[in-house]
């Protein structure tokens, strides 16, 4: 895939993920869940604007400048602390509705990450560098969404690690 087409395809993925978060935001009643979906929707909008800028640059000059792409997603330690705070309020909400929204969000994030992984493998130079950063960020988004799924489902797992063992004495 050529870089211009890769950027256009990335824009489609980013818009789809953003729209998924905006849809979830409209349906979410819990303030904590709404905040998470809003942060992720805002971040996806930032990605769209970044990619639109790179596409315009490519169309004008035939080159892209890989500018720094920031993320609002915290590091693993902050995620762990946030999930611990979520556990108490999540017990008072309709978990089924939120869980379905989260599963759809995770599916969209994983599809987007898969596309970025493919672009990192196929492209070279600045295109590869640009999509490598997107892959890193989308993997962080997937981690956040999976952590919320784990917390909401209450199955004793967090980031695919067992928090407790029902068989332990």
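Rule-based calculations on the coordinates, nothing more; no lab input. On a predicted model such as this, the values are computed, not experimentally measured, just so you know. Ideal geometry is used to build each Cβ from the backbone, glycine not excepted, and the neighbour counts take in all protein chains shown.
Across all Cα atoms of the stretch 109-153, the radius of gyration (one decimal) and Dmax (whole number) stand at 12.4, 42 Å. Here the Kirkwood formula, the inverse mean of 1/r across different C-alpha pairs, assigns the stretch 27-74 a hydrodynamic radius of 12.5 Å. Projecting label points 7 angstrom from Cα along Cα→Cβ for residue 29 and residue 100 puts them 1.4 nm apart. Show log10 I(q)/I(0) for the stretch 1-57 at q = 0.12, 0.15, 0.23 Å⁻¹, two decimals, from a solvent-free Debye sum over equal Cα scatterers. For the requested q values the scattering log ratios are -0.33, -0.47, -0.80.
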